[in-house]
Amino acid sequence: MGGMESEDSQKGTAKGRSGPETDVELQTPVLRISQLDALELDSALEQLVWTQFSQCFQNCRPGLLTPLEPELRALLQLLLWRFTLYSNSATVGQTLLSLRYHNTLSSSPRYRPLSRRQQLGLALLTTGPRWLQERSHSLLLCLGLSTGGPGTERDSGLLQKGLRSCLTLVSSMAQLASLINFLIFLRKGRHPVLAERIVGAQAVFSKSNVVRDITYQYMNRELLWHGFAEFLIFLLPLINTRKLKATVCSIVFGGESADGEGGRDVHGVWKECGLCGEWPTMPHKVGCQHVFCYYCIKSHSIADACLTCPKCGAEAGQPEPVKMDVEMIDGQ
C-alpha cells in the first residue's frame, strides 16, 4: 500500500509539473524578431525549392514553365504545407527556432495544436491571395471574352473595367488590413501575418526554457566583421590600385621592367594600348612613352581625376594625339 501511495504521489507530482510548465510555455512571450525570422526562413525555403525545381527544366525550351508558374508555385507551397504545418503544427522556420502554432480558439489553458480546419485555412489564406494576384490579369481576360457585336464588346469592356476596379479595391483593402495587423503586431507581439489572426494561430515555444541558439559571442563577431567590411568599402575607392601595382612591379622586377616594356623599342610600345592591350584606336599619350586608345584613356580620366599610367605609374596629364613622322620611299 505504501508503494502504491508513493507511485500515486509521484504521478500527481508529474501531472502538477506538466501543467505549470505548459502554462509557463504559453505565457512566455515569443520575441517579435523570432517570429519575423521564422517567416523569412519559410520564404527562403520556398525560393530554394522553386530554384531547385526550375533547374530540372533548364535544358528544355526557354519559357516552358512561364505559363504555369503561378500554379506550380502554389502547388509547391501546398506540398511544403502538407509535410510541415499539417504534420506538426509548425513550419520549417518555426521548427528551426523551436516554435509552433497554438490554437487560440481553444479555451484550455494548456497547449492545443491547430485543428485541420485551421491548418487548411492558414494554407489557403497564404497561397490563395498570392495566386489570385498573379492570375488576376488572365482571369479578367477570360471573363471579358465576347463573341457578339459591338454592343456586346462594349458591355464586356464595361464589365471587365468594373471587375478590375473591384479587384483593385479588394487588393488595396487587403494590403491596408495587413498593414494595420503588422502595426498591432509591433504593439502586442502576436500574429505578424493577418492569416494567423484570422484562423486563430499564435506562435509559442515548443520547448520550455528555450535558450537562444545564437550566442552573444557570435553576434559580436558578426558585428565586428560587418564593421570591418564597411570600413573596406569606404577605404578601397580611395586607394590608387594602378599606381600601387606599378610601384610594386618597379620594386620587384627592377627599374627597366617598371615601364612594363624593359629594353623594347619605343615603337614596340606603341603597338598596344596600355589599358586594353589591343592595337591603339586613335592613339593618344598622357605624358609618358605609353600609348592608349582615345576612348580608353578618356573614359578612365573622366572616372578618375588622379589617373596614373597603369604601366609606369607616371601621373597622367591631358590626353594628346600621337604624332609620327612617316617617310615614303618610292619603289625603284
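In table form, for the structure just shown:
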| quantity | calculated |
| --- | --- |
| Cross-chain or 6+ apart pairs with Cβ under 9 Å, the range 107-132 first and over 22 Å from residue 170 (Cβ atoms) and of a type in the set (Lys, Arg), then open to solvent by 30 Å² or more (accessible area, probe 1.4 Å) and in a loop (DSSP other than H, G, I, E, B) | 112/104; 112/105; 112/106 |
| Hey, residue 97 of a type in the set (A, V, I, L, M) and within 14 Å of residue 196 (Cα to Cα) or not | no |
| Residue, modelled with the lowest pLDDT, within the range 312-324, restricted to residues that are under 18 Å from residue 281 (Cα atoms) and open to solvent by 40 Å² or more (accessible area, probe 1.4 Å) | 324 |
| Unique residue being under 30 Å from residue 104 (Cβ atoms) and modelled with pLDDT of 75 or more when the list is 230, 196, 222 | 196 |
| In the range 101-152, residue modelled with the highest pLDDT [restricted to those that are open to solvent by less than 30 Å² (accessible area, probe 1.4 Å) and under 19 Å from residue 165 (Cβ atoms)] | 140 |
| Helices (runs of 4 or more DSSP H) lying entirely in the range 33-100 (those with 2 or more residues that are buried (at least 17 other Cβ atoms within 10 Å of the Cβ) and within 23 Å of the chain's Cα centre (by Cα)) | 69-83, 92-96 |
| Cβ pairs under 7 Å, 6+ apart, first in the range 290-319 and within 18 Å of residue 239 (Cβ to Cβ), second among the charged types (D, E, K, R) and open to solvent by 60 Å² or more (accessible area, probe 1.4 Å) | 308/242; 308/243; 308/315; 310/242; 313/243 |
| All positions within the range 167-186 that are among the hydrophobic types (A, V, I, L, M, F, W, C) and open to solvent by less than 80 Å² (accessible area, probe 1.4 Å) | 167, 174, 177, 182, 184, 185 |
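The values are calculated or read from the model by the stated rules, or taken from the named source; none is laboratory data. All values reported here derive from a predicted model rather than from experimental measurement. Note that each Cβ is placed from the backbone with ideal geometry, even for glycine, and that neighbours are counted across all protein chains shown. Quick note on the areas: whole protein, heavy atoms, side chains included, nothing else; ligands and nucleic acids left out. Shrake-Rupley method; radii C 1.70, N 1.55, O 1.52, S 1.80 Å.
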